[in-house]
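Below you'll find the structure, written out as structure tokens, and then a few comments.
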Amino acid sequence: AWVVSMEVTANLRYVRVSPQKCRLVADQIRGQSVEQALRILTFSSKGVARVLRKVLDSAIANAEHNHGANIDELRVSAVEISGAPTLSRFRARAKGRANQIIKRNSHIVIEVADE
């Protein structure tokens with residue numbers, strides 16, 4: 001008997017949040033069932049949880065619509081947060097100097113698979 005595991009991804013690129021902050025929330029949902037992951041993201045106090053929830057919703061919709069998956073059997077098999085190109089800004093300091101401000105961005109990939 002062949003057991004075919006289906007893996008479906010959704011990604012969001014150039015999110016204006018630092019990868020470090022994003023990974024704090026991503027680590028909480030990795031490996032969870034989809035239902036549990038949605039619950040964690042809904043009640044998380046972190047701002048990026050709303051963004052991650054949208055990407056997870058998209059991955060679930062992709063699995064259901066494109067591959068006919070049963071939502072109740074889906075798990076979050078992988079969450080990958082990688083750095084996107086950073087924005088460089090300058091802030092004026094005393095005596096005509098300038099400090100560089102680095103605004104970090106993220107690429108988010110969420111993969112769901114059936115158990």
Helix 19-29 versus the longest principal axis of the chain: what is the Cα-based angle in degrees, 0 to 90, to the nearest 10?
20
Which whole-number value in Å² is the accessible area per residue of the stretch 1-86, probe 1.4 Å?
65
Tell me, what is the 1.4 Å probe accessible area of Glu64, in Å² to the nearest 10?
100
If you roll a 1.4 Å probe over the chain with all protein chains in place, what percent of the accessible area is carbon or sulfur?
47
Which of Ala69, Thr86, Ala59 sits farthest toward the positive end of the charge dipole of the stretch 53-115, with +1 on the Cβ of Lys and Arg and -1 on the Cβ of Asp and Glu?
Thr86
Tell me what the chain gives for mean residue ellipticity at 222 nm when only DSSP H runs of n ≥ 4 count, each as -39,500 (n - 2.57), the sum divided by the residue total, rounded to 500 deg cm²/dmol.
-11000 deg cm²/dmol
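The values are calculated or read from the model by the stated rules, or taken from the named source; none is laboratory data. The model shown is predicted, which means the values in this text are computed figures rather than measured ones. Virtual Cβ from ideal backbone geometry, glycine too; neighbours counted across all protein chains shown. These area figures cover heavy atoms from the full protein model, side chains too; ligands, DNA and RNA do not enter into them. Shrake-Rupley method; radii C 1.70, N 1.55, O 1.52, S 1.80 Å.
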